[in-house]
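Below you'll find the structure, written out as structure tokens, and then a few comments.
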Amino acid sequence: MEALLNQFSYGLFFWQLIILVIVIFILGKFAWKPIVNALEEREQNIEEALNKAELARQEMARLSSQNEELMKQAREERDQILKEAKALKDGIVNEAKTQAQAEGAKLIEKARIEIENQKKAALAELKGQVSALSLDIAERVLRTQLDDKAKQQELVNNLLKDVELN
Amino acid sequence: MINLKRTLLVLAVVILGANPICVLANEEAHAGEPSDKSKEIGEYIVHHLQDDHFFSLYKAGEETVGFPLPVILIDNGLKVFSSGEFKHGKAVVEKDGQFYKYYHGKIYKTDAAGTISYDDKHHPTNAKPLDFSITKNVFGLFLAAFLMFVGFLSLAKTYKKGPSNLPKGFGRVLEPLVLYVRDEMAIPNIGHRYKEFMPYLLSVFFLIFTLNILGLTPIGFNVTGNISITVCLALFTFVVTTIKANKDYWKHIFWMPGVPVPFKIILAPIEVLGMFTKPFSLMLRLFANITAGHSVIMGLIAIVYLFQTQLTVGGSVGISMLLTLVLFFLELLVAFLQAFIFTMLSSLFIGMAVEEHAHH
Amino acid sequence: MYNLIGAGLIVIGAGLGLGKIGGSAMEAIARQPEATNKIQTAMIIIGALLEGLAFGALILGK
């Protein structure tokens, strides 16, 4: 310890102090500060770049997933539309079919009614004719009856032959 | 970490390449006298470990080769002269009617004849002038500071063109070290306020590291192994810690929260003592490590002279080289490790002082 | 003479301490190799504190 104290030199201490202070301040101003700042800045730049890359990657992933989503949606929509169109078409066809059927049925009905009417009219006419004919026959019979019995019979037979209905 | 290892490796190659010169220098230094070698070597090692006013590169016989450094004394005014005038302590220098003598690394005031009086422990009792000389260590400090200026100003310049402009050449070695200081020491220990302490931590780390590495070159500095230097460094950490300390820090020292009152009273002096022992241990650790490293390396080199008769010249040189080489690698590690530890513990202490406690 | 004995005692103590630190660190690393860096740093710091203590004692005793 004593030897150490003996070795201590104020001059050396003084110079060391001066040099240390100079080194700290001058290098601090002109070297350490710029170096430390530059290193920090560089690290920040790198970090920023990495962050940006990460963000870009995420954006890309987001975009591509969005695209996919859109595609899926579009596909779904298309399917939906197709389905709807098909349903619509089926509906139209069915409707047309039923309508046509109804129309046909109506027409047939109409025709049937018409036929019925015609038949009724024809029957009525026939009835009239028959009655007229009968009356006619009856008249003639009555007239001839008045003349001759044989002839009357003959007449009736002839008449009946005439009246042979087809 | 890999970068760091590679850096150390390059430095190791550079320095080890110069190592044989160191051995040669010493060999020449001790070529002359065969007698009492171990005592001489011991003296030489002690002399190397101490500061010197004369920059000696090697000794050729009795002649010390090197260059003198300026002596600056404050003793009734400023006195500046060359240390060459002392003639390695053989001559008494007279300046303005005052006589100075150089004796075992220190300058003493003497009379015209240069008599040094001793106390009973053989310590000189002569008065010492205030000595602000540019000694070997101060020269080493200047050199280290200069190297740091050159290295880091050029590194700072590369960033002027934008932060993504990567450094070239030696800057590539320095940048990972700066990052190492920041990421391994400052941020984990200090936290988000690390930026205001970065200049101090970086300066201290690189100053100690440069000085440690310079100490391993054959130029023969032992700057960080000098107590004045480490006292200054540790004092700086102490001052920074004390000035920047917040209320919590003082509270934890004088009135430790969360313990019963009797313990608070017992803990306060311990904590106050701790305030001083922390920088004290910083100071001693650096000093002792570097001094011990230098002593052991020089001791191993001394094998060359001490065991020549037992091992023959070639054998002693070989063993010495081998052992020195191994130890040199260890010392390179220590050079880095001590800079690391000093900075690490400094930032730890600073971190303790500025930490905002989430109260217990 | 007594200095040397003291120094020896200090070195024994420091050696035991360092051995304990190193051993525990090795165990910890073996258990959690991914935390090697943190463990090493902590080990070095504690080693340095111990070393400071030992050096302090050595120098004070000298």
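The values are calculated or read from the model by the stated rules, or taken from the named source; none is laboratory data. On a predicted model such as this, the values are computed, not experimentally measured, just so you know. For neighbour counting, all protein chains shown are included, and Cβ atoms are generated from backbone atoms with ideal geometry for every residue, glycine included. Protein only, heavy atoms only, side chains kept; ligands, DNA and RNA dropped before computing areas. Shrake-Rupley method; radii C 1.70, N 1.55, O 1.52, S 1.80 Å.
Listed by first and then second residue, the pairs linking a residue in the stretch B:235-256 that is over 13 Å from B:Val272 (Cα atoms) to a residue that is of a type in the set (S, T, N, Q), with Cβ atoms under 6 Å apart and 6 or more places separating them unless they lie on different chains, are B:Thr237/B:Ser346. For the stretch C:16-62, filtered to residues that are in a helix (DSSP H, G or I) and among the polar types (S, T, N, Q), the residue that is nearest to B:Met283 (Cα to Cα) is C:Thr41.
Answer yes or no as to whether B:Val272 is among the β-branched types (Val, Ile, Thr) and not in a helix (DSSP H, G or I). So that I can check it myself, show each step before the final result.
Details: among the β-branched types (Val, Ile, Thr): yes; not in a helix (DSSP H, G or I): no.
It is false that B:Val272 is among the β-branched types (Val, Ile, Thr) and not in a helix (DSSP H, G or I).
Scanning for something at pLDDT 90 or above and basic (Lys, Arg), does the stretch A:88-102 turn up at least one residue? Yes - at least one qualifying residue is present in the stretch A:88-102. Of all the listed residues (B:Leu214, B:Leu143, B:Leu179, B:Leu174), the sole one being at negative phi, open to solvent by 10 Å² or more (accessible area, probe 1.4 Å), more than 12 Å from chain A (Cβ to nearest Cβ) and not in a loop (DSSP other than H, G, I, E, B) is B:Leu214.
So, C:Leu60, is that one at the interface with another protein chain (Cβ under 10 Å from one of its Cβ atoms), of a type outside the set (Asp, Glu), open to solvent by 90 Å² or more (accessible area, probe 1.4 Å) and within 21 Å of B:Leu345 (Cβ to Cβ) or not? Judged against the criteria, C:Leu60 is a match.
Would you mind stating whether C:Leu18 is surrounded by 14 or more Cβ atoms within 10 Å (Cβ to Cβ), of a type outside the set (Gly, Ala, Ser), free of Cβ contacts under 8 Å to residues at least 40 places away in the same chain and within 14 Å of chain B (Cβ to nearest Cβ)? Working first, answer last.
Numbers: surrounded by 14 or more Cβ atoms within 10 Å (Cβ to Cβ): yes; of a type outside the set (Gly, Ala, Ser): yes; free of Cβ contacts under 8 Å to residues at least 40 places away in the same chain: yes; within 14 Å of chain B (Cβ to nearest Cβ): yes.
Answer is yes for this residue.
For the stretch A:28-51, which positions are facing another protein chain (nearest Cβ under 7 Å) and polar (S, T, N, Q)? Result: A:Asn45, single match.
Can you spot a residue in the stretch B:117-133 that is part of a helix (DSSP H, G or I), facing chain A (nearest Cβ under 9 Å), out of contact with any Pro (no Cβ under 9 Å at 6 or more places or on another chain) and open to solvent by less than 50 Å² (accessible area, probe 1.4 Å)? Explain how you work it out, then say what you get.
The initial filter retains those residues of the stretch B:117-133 that are part of a helix (DSSP H, G or I), namely none.
No, the conditions are met nowhere in the stretch B:117-133.
Going through (1) closer than 27 Å to B:Pro68 by Cβ; (2) in contact with a Phe, Trp or Tyr (Cβ under 9 Å, 6 or more places away or on another chain); (3) small (Gly, Ala, Ser) one by one, B:Ala156 falls short only on (1).
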